[in-house]
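Read the structure below first, then the notes.
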Amino acid sequence: QVQLVESGGGLVQAGGSLRLSCVASGPIFGINAMGWYRQAPGKQRELVATIPAGGNPNYVDSVKGRFTISRDNAKDTVYLQMNSLKPEDTAVYYCNADVRTSYLPRYQNYWGQGTQVTVSS
């Protein structure tokens with residue numbers, strides 16, 4: 001069973017920084033795109049940033065210039081460095097990945113359990 005486990009969330013003041021991590025584990029054969037989504041109270045889940053296995057990352061406009069997504073393929077890990085945080089960044093942040101397992105010859109989409117990020121004004 002593939003699992004995605006996030007860490008690094010917490011409470012920070014506006015203007016501060018946090019770094020989220022997400023580690024994929026299980027019978028992994030390969031990982032294609034990895035990404036971060038977020039869901040604020042009363043709102044739909046939205047894409048924050050994605051990074052393909054071998055290409056350029058993409059960001060939602062509201063975080064461009066403040067957030068940086070990166071990955072370590074050797075560790076099956078994706079990171080989200082969040083700088084200049086704003087109260088509107090408050091949300092549960094979810095890790096997402098397209099994973100091919102060692103027993104199924106196709107990619108499937110997986111989600112982490114989420115980590116809370118709270119930015120106080």
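The values are calculated or read from the model by the stated rules, or taken from the named source; none is laboratory data. These numbers come from a predicted model, not from an experiment. Please note: Cβ atoms are built from the backbone with ideal geometry, for glycine as well, and neighbour counts cover all protein chains shown. In case anyone asks, the SASA skips ligands and DNA or RNA and just uses the protein heavy atoms, side chains included. Shrake-Rupley method; radii C 1.70, N 1.55, O 1.52, S 1.80 Å.
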For Gly65, state whether it is at positive phi, open to solvent by 40 Å² or more (accessible area, probe 1.4 Å) and of a type outside the set (D, E, K, R).
yes
Yes/no for Leu104 being out of contact with any strand residue (DSSP E or B) (no Cβ under 6 Å at 6 or more places or on another chain) and either at pLDDT below 95 or in a strand (DSSP E or B) (or both):
yes
Pairs returned, first residue in the range 53-72 that is closer than 17 Å to Leu20 by Cβ and assigned to a loop (DSSP other than H, G, I, E, B), second residue that is open to solvent by 50 Å² or more (accessible area, probe 1.4 Å) and at pLDDT 95 or above, beta-carbon separation under 6 angstrom, 6 or more apart or interchain, are Val60/Leu47; Arg66/Asn83; Arg66/Ser84
Among (1) open to solvent by 40 Å² or more (accessible area, probe 1.4 Å); (2) in contact with a Leu (Cβ under 9 Å, 6 or more places away or on another chain); (3) not in a strand (DSSP E or B), there is one condition Gly16 misses while meeting the rest; what is its number?
(1)
Can you name every residue in the range 8-65 that is under 17 Å from Tyr93 (Cα atoms) and either of a type in the set (Asp, Glu) or out of contact with any strand residue (DSSP E or B) (no Cβ under 7 Å at 6 or more places or on another chain) (or both)?
Gly16, Pro41, Gly42, Lys43, Gln44, Glu46, Asp61, Ser62, Lys64
Residue in the range 81-96 that is least open to solvent (accessible area, probe 1.4 Å), counting only those that are over 15 Å from Val12 (Cα atoms) and out of contact with any Cys (no Cβ under 8 Å at 6 or more places or on another chain)
Asn96
Take the conditions assigned to a strand (DSSP E or B) and exposed (fewer than 15 other Cβ atoms within 10 Å of the Cβ) and apply them to Val5. Does it pass?
yes
